[in-house]
Ligand SMILES: [Ca+2]
Ligand SMILES: [Ca+2]
Ligand SMILES: [Ca+2]
Ligand SMILES: [Ca+2]
């Protein structure tokens with residue numbers, strides 16, 4: 001393990017290539033006039049979008065929340081602003097490949113929490129999944145790139161539960177709900193859905209998490225077409241072990257994932273290098289740095305095991321914030 005950790009420390013590259021592009025963000029008005037090319041979507045409407053890929057190049061992108069400087073990300077003022085940073089692997093993607101390199105996503109009322117992103121209506125574009133923890137309402141914002149093109153309410157979540165993540169757990173390619181209940185031991189439930197509507201007999205239990213562990217990401221690590229749970233103790237700023245729970249018909253089979261190094265937290269999973277295997281997204285305890293750990297199922301791929309992703313800067317009076325679970 002020591003050898004692996006040392007290699008990780010040495011394998012990092014330049015943290016961000018297009019930081020200067022990020023500095024050009026000034027106002028929502030200027031940003032919302034930006035144009036972009038969508039290469040997926042209407043051209044191939046039967047292709048389900050890759051998770052977190054807003055410009056159709058197959059690479060996951062970052063979505064950042066923009067709380068006011070000095071404000072708490074948890075007590076944001078309405079409306080919620082968010083920006084999409086286009087990435088290619090671990091680097092910001094700028095002109096001419098990605099032009100603009102950055103754009104605003106849809107605003108929504110501060111009562112909503114952005115839970116996750118997935119292509120709920122199978123139009124080739126990932127959509128925003130919103131949840132109101134007060135009223136327990138759910139809603140999908142249908143997106144094309146960063147533009148909101150519609151919305152659809154979903155089912156209300158039962159008292160005591162919350163919408164935690166989304167993923168496909170029955171292999172029909174339609175995103176399903178993962179609900180959690182309790183603390184510090186979380187029960188989970190999986191609701192099979194079809195375009196944000198429940199399907200008959202779709203509600204059922206999921207695995208109950210281990211005491212003190214959190215469900216931080218959902219991705220298909222063993223490539224069986226069913227998304228899997230990724231567990232980590234988010235309260236632990238000194239890193240710590242991770243677990244992957246392969247989901248099989250609402251049950252799980254456990255494997256150990258790589259151990260997160262001190263000063264970092266596991267915040268999400270997606271296939272950043274497009275090799276078909278989900279990777280870990282780590283965020284530093286301060287929230288300012290990101291790193292990607294490249295995996296093949298639950299093991300590191302051959303070196304480089306790890307690269308820094310773009311830093312999360314404060315900028316033009318705003319603080320960027322990569323949400324927990326990195327929707
Ligand atoms: Ca969509
Ligand atoms: Ca499904
Ligand atoms: Ca799987
Ligand atoms: Ca990968």
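The values are calculated or read from the model by the stated rules, or taken from the named source; none is laboratory data. It should be emphasised that the depicted structure is a prediction, and the values quoted were computed from it without experimental measurement. Positions of Cβ are generated from backbone atoms using ideal geometry, with glycine treated the same way; all protein chains shown enter the neighbour counts.
Quick notes
Conditions (1) more than 20 Å from the chain's Cα centre (by Cα); (2) more than 16 Å from ligand 4 (Cβ to nearest atom); (3) at pLDDT below 95, marked per residue:
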{"residue": "169", "(1), (2), (3)": "no, yes, no"}
{"residue": "188", "(1), (2), (3)": "no, yes, no"}
{"residue": "192", "(1), (2), (3)": "no, yes, no"}
{"residue": "208", "(1), (2), (3)": "yes, yes, no"}
{"residue": "214", "(1), (2), (3)": "no, yes, yes"}
{"residue": "219", "(1), (2), (3)": "no, no, no"}
{"residue": "222", "(1), (2), (3)": "no, no, no"}
{"residue": "228", "(1), (2), (3)": "no, no, no"}
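- Scanning region 102-153 for residues that are crowded, with 22+ Cβ neighbours inside 10 Å, in contact with a helix residue (DSSP H, G or I) (Cβ under 8 Å, 6 or more places away or on another chain) and farther than 15 Å from residue 51 by Cβ returns 102, 103.
- Residue check, residue 275 free of Cβ contacts under 8 Å to residues at least 60 places away in the same chain, under 27 Å from residue 62 (Cβ atoms), within 16 Å of ligand 4 (Cβ to nearest atom) and surrounded by fewer than 19 Cβ atoms within 10 Å (Cβ to Cβ): yes
- Residue within region 136-155 that is within 16 Å of ligand 3 (Cβ to nearest atom) and either in contact (Cβ under 8 Å) with a residue 12 or more places away in the chain or under 20 Å from the mean Cα position of the chain (by Cα) (or both) present: no
- Flag for residue 211 being assigned to a strand (DSSP E or B) and either in contact (Cβ under 8 Å) with a residue 24 or more places away in the chain or within 13 Å of ligand 3 (Cβ to nearest atom) (or both): no
- Taken over region 78-101, the criterion of being outside any loop (DSSP other than H, G, I, E, B) and either without any contact (Cβ under 8 Å) to a residue 12 or more places away in the chain or out of contact with any helix residue (DSSP H, G or I) (no Cβ under 8 Å at 6 or more places or on another chain) (or both) is satisfied by 80, 82, 84, 87, 88, 91.
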